[in-house]
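The values are calculated or read from the model by the stated rules, or taken from the named source; none is laboratory data. What you see is a predicted model, and the numbers here were worked out from it, not measured in a lab. Neighbour counts are summed over all protein chains in view; Cβ atoms, including those assigned to glycine, are modelled from backbone coordinates with ideal geometry.
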Amino acid sequence: MKKDKQKTLDRLARLEGQVRGIARMVEEDRYCVDVLAQTAAVRSALKGVERMLLENHARHCVEDAIASGGAEEQRKKFNELIALLQKAQT
């Protein structure tokens, strides 16, 4: 995570700005379709952050568990990965 930390924080800061923009749009009674278009954009951007974090987990945490040779640690990380994938689909 350390390598991609700033990239992740930058994306989250952009998302935070987008959400504030949506709140402003609602306060200003903007057209519903325009607000919904922005919420869809936020949802898409958040999914991008989730993908990046999931990939990072697989590349580092899961990979380290595999390299360790410890069956219990491998099983734990594998189960974490499966649980994350299931949550990402809902």
Practice item. With the checklist (1) over 14 Å from the mean Cα position of the chain (by Cα); (2) at pLDDT below 95; (3) not in a helix (DSSP H, G or I) in hand, flag the one item THR90 doesn't pass. Key: (1)
Exercise for review: Select the helices (runs of 4 or more DSSP H) contained entirely in region 1-79, then report the ones holding at least 1 residues which are at pLDDT 90 or above, within 22 Å of GLN89 (Cα to Cα) and of a type in the set (Val, Ile, Thr).
Suggested key: 5-27, 32-56
Revision key, fill the gap. Of the listed residues (ALA83, ALA41), the one being in contact with a helix residue (DSSP H, G or I) (Cβ under 7 Å, 6 or more places away or on another chain) and among the small types (Gly, Ala, Ser) is ALA41
